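Taking it in order: structure first as structure tokens, then the write-up.
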Amino acid sequence: MNKKIIILLLIALQVAFLTSAQAFSVRTHLIEIQIDESGFANITEKFNLKFQTPSEVTEFREAAQENSSSVLAWQSDYNFFYPHFGEIADKIIEKSSVTYEEQTQTLVLNYVLANRFSQIKTEEPRQTTWRIPNRNLSAFENSGLIVIPENTSIKITLPKNAQIILLEPNTSIKQENNTIFLSGISTSTFNLEYTIIQPLSTNINIFERIREALSNTPILFIGIIVTIITIIVFVKRKTIQQKIEDYLIKNSELKPHPQDEEVDLDL
């Protein structure tokens, strides 16, 4: 075979390989992190895919049916797919699920971490300060920097009663109420601290207090009941006294006795 033809075939095969390798890609990557009051997180990663040919769509659909909800199976087939916040040593995944939304061509990974996503910094009787460690973003580290690409968005939603007290860097991070958004940034450090204040209860449940007193200190509970009865008797003493007098008068009225019939005795 002509040497030129062989070279042309090799070039054609290489171009075809590169074209097929670059055809299938991730268009956008959205990571939603929902943190509860105890510092645990529910994380959802959405990979919106971009296909070039119908055959790629068909092949991926078949892979979705085969891999089902197995994270390991998906990881072995596609190097872009992995839990970005479940790869850290102490961030063990407690449970996970994978679904493929064919209509939107989005691969969805949902997982819950066994350990806290936020760490307690200080704790007081009515207020706790939490911090999200910088190492939580270690999956995005590159040459000592935290680099989040333009096509990647991280949405961190704190509890509703949380108050953000520190956010660094504050110039390149978007914040809306108790939610922050990270996208297209490069920074050497990331700091997020917030507090959660426990409100005082304004509603006093009398029955609950009585129940607690009965279970914890029976003698005190009996004393409280006796005190309450004594107070009621003292306040209602006139009414009670009047009712007693009325009862005595009613039941002590003198009623005329019937006259004894005369009995004639014949002697």
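The values are calculated or read from the model by the stated rules, or taken from the named source; none is laboratory data. Treat the numbers as computed from the prediction; the structure is a model and nothing was measured. Counting neighbours? That spans all protein chains shown, and the Cβs are built from the backbone with ideal geometry, glycine included.
Observations
- Subset of the range 116-134 [touching a strand residue (DSSP E or B) at 6+ places or on another chain (Cβ under 9 Å) and assigned to a loop (DSSP other than H, G, I, E, B)]: Arg116, Phe117, Ser118, Arg126, Pro133
- Count of the range 32-86 residues, restricted to those that are of a type outside the set (A, V, I, L, M, F, W, C), assigned to a helix (DSSP H, G or I) and out of contact with any Phe, Trp or Tyr (no Cβ under 7 Å at 6 or more places or on another chain), is 10.
- Scanning the range 58-77 for residues that are in contact (Cβ under 8 Å) with a residue 24 or more places away in the chain and surrounded by fewer than 15 Cβ atoms within 10 Å (Cβ to Cβ) gives Arg61, Ser68, Ser69, Ser70.
- For the range 38-47, the condition holds for at least one residue, the condition being that it is of a type in the set (Lys, Arg) and within 30 Å of Glu193 (Cα to Cα).
- Set side by side, the residues Leu182, Leu167, Leu192 differ, and just one is surrounded by fewer than 18 Cβ atoms within 10 Å (Cβ to Cβ), assigned by TED's automatic domain parsing to the domain that holds Asn134 and in a strand (DSSP E or B), which is Leu167.
- Comparison of Phe51, Phe80, Phe85 shows that the only residue that is in contact with a His (Cβ under 9 Å, 6 or more places away or on another chain) and touching a residue at least 40 places away in the same chain (Cβ under 8 Å) is Phe80.
- All positions within the range 92-111 that are farther than 24 Å from Leu49 by Cβ and either touching a residue at least 60 places away in the same chain (Cβ under 8 Å) or within 17 Å of the chain's Cα centre (by Cα) (or both): Glu94, Lys95
- Criterion applied to Arg116, Arg126, Arg135 was being closer than 15 Å to Glu37 by Cβ, of a type outside the set (Phe, Trp, Tyr), modelled with pLDDT under 90 and within 22 Å of the chain's Cα centre (by Cα), and the one residue passing it is Arg126.
- Single unsatisfied condition, Val98 versus (1) at pLDDT below 95; (2) in a strand (DSSP E or B): (1)
- Only listed residue being at pLDDT 90 or above, out of contact with any Lys or Arg (no Cβ under 6 Å at 6 or more places or on another chain) and of a type in the set (S, T, N, Q), chosen from Ser201, Ser172, Ser186: Ser186
- Taking the conditions (1) modelled with pLDDT under 85; (2) surrounded by 10 or more Cβ atoms within 10 Å (Cβ to Cβ) in turn, Asn177 satisfies each one other than (1).
- When residues in the range 34-82 are screened for being in contact with a Ser or Thr (Cβ under 7 Å, 6 or more places away or on another chain) and under 23 Å from Trp130 (Cα atoms), 3 of them pass.
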